[in-house]
Amino acid sequence: LLDWVKYKGNPVLVPPPGIGVKDFRDPTTAWTGPQNGQWLLTIGSKIGKTGIALVYETSNFTSFKLLDGVLHAVPGTGMWECVDFYPVSTKKTNGLDTSYNGPGVKHVLKASLDDNKQDHYAIGTYDLAKNKWTPDNPELDCGIGLRLDYGKYYASKTFYDPKKERRVLWGWIGETDSESADLQKGWASVQSIPRTVLYDKKTGTHLLQWPVEEIESLRAGDPIVKEVDLQPGSIELLRVDSAAELDIEVSFEVDKVALQGIIEADHVGFSCSTSGGAASRGILGPFGVIVIADQTLSELTPVTFYISKGADGRAETHFCADQTRSSEAPGVGKQVYGSSVPVLDGEKHSMRLLVDHSIVESFAQGGRTV
């Protein structure tokens, strides 16, 4: 596929009546329909402030017919860009071809929200005959619930790899440098590390995203292994040859007696984005890893867990990436990103960090929150 001839009948698709010319873009990978020779695909759009996914059918990919209704719609979410729609297995640990449907299958609907530049997803059930997708939990519907990635991450798309039977996710990481800085360094924004995507059978509510196995071929030499007993406020230094390119896997075992012994509410309504960053200390955190730190610790990037306890005594874990002290340079983003992450009974608090110069990609609990 090196030489292409542009089809003279372009454009093959134009917005239907009532849809703005700019509110119609990014067709998905097609999947087989219920009729012989029929293919279906969905395109993101909006009506007013309601994000929608339109569905078209085709048999030749040059003429298309809009099906009645919409695949799904969520009020208040605005324009849906880069819609992605694919099946995940609830039984097996491999990816599925885009056309796969049947028992033991859920369907993921993902939309990139143009209004806030965030990638949201939801897990639900797809009725092929009725051309309808329904979320498992309306409170976690697409655009109002879970995000694929809680940092700078947008316009993602998956594909099915039939050779390794996996679904692979690509994403775009928009950096926050100025235009002049982009010109000076020679690039603007980067692509994320490819991730495999699986259904989280333990929670039944989340996806699991994990760096593709090929990334492990970049590891050099023997791993540095260290066990430490972390006390409140302590920092344990781990010396490495290059602090700019790292693959870090770490797990934490929280003192159960200390956790159960705390009765009073601590940071009710805690949120990574409003926490003030890793320098703000509570009874149960933060604890984690500091990367890209200089000798004086004037620049550093902490990726941490924080456990908050509500008035009902229930603990909730949060996974945060703190950029507030990542750089002394002016004009770059200095936010705290993150979200809550389910940590189930018997699980340690675990994270994996991929550090590559200007980017830190962080995966909690096997990729349950990223």
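The values are calculated or read from the model by the stated rules, or taken from the named source; none is laboratory data. Values in this document were obtained by computation on a predicted structure and should not be read as measured data. Note that we place each Cβ from the backbone using ideal geometry, even for glycine, and neighbour counts take in every protein chain shown. Side chains included, ligands, DNA and RNA excluded: accessible areas come from the protein's heavy atoms. Shrake-Rupley method; radii C 1.70, N 1.55, O 1.52, S 1.80 Å.
Test Lys92 against the criterion of being assigned to a loop (DSSP other than H, G, I, E, B), basic (Lys, Arg) and assigned by the TED database to the domain that holds Ala122, and give yes or no.
Values: assigned to a loop (DSSP other than H, G, I, E, B): yes; basic (Lys, Arg): yes; assigned by the TED database to the domain that holds Ala122: yes.
Against the criterion (assigned to a loop (DSSP other than H, G, I, E, B), basic (Lys, Arg) and assigned by the TED database to the domain that holds Ala122), Lys92 qualifies.
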If you go through segment 296-313 one residue at a time, do you hit one that is touching a residue at least 40 places away in the same chain (Cβ under 8 Å), open to solvent by 30 Å² or more (accessible area, probe 1.4 Å) and within 23 Å of the chain's Cα centre (by Cα)?
-> no
How many residues are touching a residue at least 40 places away in the same chain (Cβ under 8 Å) and either closer than 23 Å to Asp115 by Cα or of a type in the set (Gly, Ala, Ser) (or both) if we restrict to segment 7-45?
-> 11
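Filter segment 185-220 down to the residues that are among the β-branched types (Val, Ile, Thr), within 23 Å of Ser242 (Cα to Cα) and open to solvent by less than 20 Å² (accessible area, probe 1.4 Å) and list them by number.
Hit for segment 185-220 is Val212, nothing else.
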When Asp97 is evaluated against the numbered criteria (1) open to solvent by less than 60 Å² (accessible area, probe 1.4 Å); (2) of a type in the set (D, E, K, R); (3) not in a strand (DSSP E or B), which criterion, by number, is the only one it fails?
-> (1)
